[in-house]
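The values are calculated or read from the model by the stated rules, or taken from the named source; none is laboratory data. Just so we're clear, the structure is a prediction, and the values are computed from it rather than from any experiment. Here the Cβ is made from the backbone with ideal geometry for all residues, glycine too, and neighbour counts use every protein chain on show. Ligands, DNA and RNA are stripped out before the accessible areas are found, and what is left, the full protein with its side chains, is counted by its heavy atoms. Shrake-Rupley method; radii C 1.70, N 1.55, O 1.52, S 1.80 Å.
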Amino acid sequence: MSAFRNPFDHRVRLHRSGCACGRHASQAEHDHAEALEARQLQDRVVEGAVMRALFPQDEMRRGFLRAVGAGTALAAVSTLFPLGLAKEAFAQGAGALEKTKLKVGFIPITCATPIIMAHPLGFYSKYGLDVEVVKTAGWAVIRDKALAKEYDAAHMLSPMPLAISTGTGSNPIPWTAPAVENINGQAITLAMKHKDKRDPKDWKGFKFAVPFDYSMHNYLLRYYLAEHGLDPDRDVQIRSVPPPEMVANLRADNIDGFLAPDPVNQRAVYDGVGFIHLLSKEIWDGHPCCVFSASKEFVAQNPNTYHALLKSILDATAYARKAENRKEIAAAIAPANYLNQPVTVVEQVLTGTYADGLGNVKKDPNRIDFDPFPYDSFAVWILTQMKRWGQLKGEVDYAKVAKEVFLATDAARLMKELGMPAADPARPIVVMGKTFDPKQPAAYVDSFAIKRG
């Protein structure tokens, strides 16, 4: 698989025998070892499925293995179920995975929960994948590493694949968003000194932070301010700040507040430097935030790997939707190599029972939720805001771009295979009391009194 060696990589040998990685006597041996490893991972998927069917409770399986040993257990199961035939059928029917070792970049926020938790909780390995999830400093770095193919796939803000595909701010590169990582899960947080300024009309001159120019945070904050009569470009300042740096900037009085992903908002409360003004679901309940994304080139060149990767994300998302799993997930993703946050902070976000920083404990189980379906209407709404604020120039074929980037067909098929609930085609979009018609995007943009485009 490494037949074409990079002559500019100091780790690669060009003039001596052996393989590119240096661990095998020849490149052929290297390729054989990779193929064998891929097949072994596929076999584990089949074996796992059979054992789960035979032993619905894990303790039953473990007791059986302790009693008879692994070798005897394998022989006994093989007499009851044709494991060899099943493995061969899986390898041929599903199609061999083109790649099994993958790198997926993520930003350490709860929006990335399915991508992160799929690593410690085994959802990637369940589908034959060996995935390294790579914590990344900011969205520009995520974008650049994904474009440079250092990451096979990535956690991105939902507007980013649309911006990349349309060439907004750069040359267009076809990109995809086949699954939404999370819905809701953001908030407007203000510095404690502003606890008596709850009316946005009092925010003239404020300095706000959002994670990135092409983010739901930017568009929701702008929408909220404009609906209260403030021009987001003239009455306040909005700057991009990586989420891990937001609380420090609030503490240093560099900003007055932010519309940020969690656990940033809850961490500001935990540290006593800010309070939660309102949850983003109070602006638009059910809004998308982040997505699982990959280039169209990766999807086309690695169809079996792509489907296995997407399926693992969808499976993890289904697990994350269940309230009873949220504390387990919080413990799994809180450590330093993932979110690097106190478990109690992550728990407050995922369970929806949280302190607001003003002495109140609030309960909202839908503070963050996980619904992976990439509705075309989500993409169209985002495109209208990109147009509204002057990021998108010229004529825009909203429906065409939405369909090409938000891969609803792939998501629907794989969700059905996993037994997940079907998407609701009539799901409405209501933002601050105003209903959005995705069939009339240009009229929607024209309807706003405050806009740039």
HN-Hα J couplings of region 295-309 from phi, Karplus 6.51/-1.76/1.60, θ = phi - 60°, integer Hz, Gly and Pro as x? 6, 5, 4, 4, 4, 6, 7, 10, x, 6, 5, 4, 5, 5, 5
Considering Cα pairs under 8 angstrom that are at least six residues apart, work out the relative contact order of the chain and quote it in whole percent. 18 percent
Expressed in Å to one decimal, the Kirkwood Rh of region 186-282 from all distinct alpha-carbon pairs is 12.9 Å
For region 281-355, convex hull of alpha carbons as volume per residue, Å³: 130 Å³
Out of I116, A49, Q237 - ranked by how far each Cα lies towards the positive end of the dipole of the chain, with unit charges on the beta-carbon of charged residues - the top one is Q237
Beta bridges per DSSP with both ends in the chain, % antiparallel, nearest 5: 65 percent
Please report, in whole Å, how far the alpha carbons of region 309-394 spread along each principal axis, starting with the longest. 47, 39, 25
Projecting the Cα atoms of A268, N249, V210 onto the charge dipole of the chain, where Lys and Arg contribute +1 and Asp and Glu -1 at Cβ, the residue farthest towards the positive end is N249
Tail fraction, Cα-Cα pairs, region 239-292, threshold 13 Å, whole percent: 59 percent
Run the numbers on region 186-282 and let me know its relative contact order in percent, using alpha-carbon pairs under 8 Å that are six or more apart. 48 percent
Which listed residue (A191, A153, G394) has the Cα farthest towards the positive end of the charge dipole for the chain, taking +1 on Lys and Arg C-beta and -1 on Asp and Glu C-beta about the Cα centre? A191
Grab the Cα-Cα distance for A96 and D271, subtract it from 0.36 nm times how many residues apart they are, and report the gain in nm with one decimal. 58.1 nm
Probe 1.4 Å, protein heavy atoms only - accessible area per residue of region 118-179 in square angstrom: 36 Å²
Here region 395-406 yields Karplus 3J(HN,Hα) values (6.51, -1.76, 1.60; θ = phi - 60°; whole Hz; Gly and Pro given as x) of 6, 10, 8, 4, 5, 5, 4, 4, 5, 6, 9, 8
I need the Kirkwood Rh of region 324-453: take the reciprocal of the average 1/r across all distinct C-alpha pairs and report it in angstrom. 17.9 Å
Theoretical ellipticity at 222 nm over the chain - DSSP helices of four or more residues, -39500 (n - 2.57) apiece, nearest 500: -12500 deg cm²/dmol
Quote the FRET efficiency, to the nearest 0.05, computed for K362 versus L74 with a Förster distance R0 of 51 Å and r equal to the Cβ-Cβ distance. 0.50
Rolling a 1.4 angstrom probe over the protein heavy atoms, how many square angstrom per residue are accessible across region 251-351? 32 Å²
For the chain, the longest site-free run once chymotrypsin sites (Phe, Trp or Tyr not before Pro) in DSSP loop states with at most 10 other Cβ atoms within 10 Å are removed: 9-453
Percent of Cα-Cα distances greater than 15 Å, calculated over region 401-445: 60 percent
Enter the mean projected area of the convex hull around the alpha-carbon atoms of region 255-384, in nm², rounded to one decimal. 9.9 nm²
Taking a probe of 1.4 Å, how large is the accessible area per residue of region 409-453, in Å²? 63 Å²
With all protein chains present, how much of the accessible area of the chain (probe radius 1.4 Å) comes from carbon and sulfur, to the nearest whole percent? 53 percent
Gain in span if fully extended, K195 to N340, counting 0.36 nm per residue against the direct Cα distance: 49.4 nm
What FRET efficiency would be calculated for the residue pair L278, E132, taking the C-beta separation as r and a Förster radius of 41 Å, to the nearest 0.05? 0.65
Give me a comma-separated list of calculated 3J(HN,Hα) values for region 189-205, in order, Karplus coefficients 6.51, -1.76, 1.60 applied at θ = phi - 60°, integers in Hz, x for any Gly or Pro. 10, 10, 5, 4, 5, 9, 5, 9, 10, 8, 8, x, 5, 8, 9, 4, x
For D446 and R234 in one chain, what is 0.36 nm times their gap in residues minus the Cα-Cα distance, to one decimal in nm? 74.3 nm
Sites matching trypsin sites (Lys or Arg not before Pro) across region 218-306 that sit in DSSP coil, with at most 14 neighbouring C-beta atoms within 10 Å: R234
Give me the Kirkwood hydrodynamic radius of the chain in Å, from all C-alpha pairs, to one decimal place? 23.7 Å
Run the dipole for the chain about the Cα centre, Lys and Arg Cβ at +1, Asp and Glu Cβ at -1, nothing else charged, and hand back the magnitude in debye, nearest 20. 340 debye
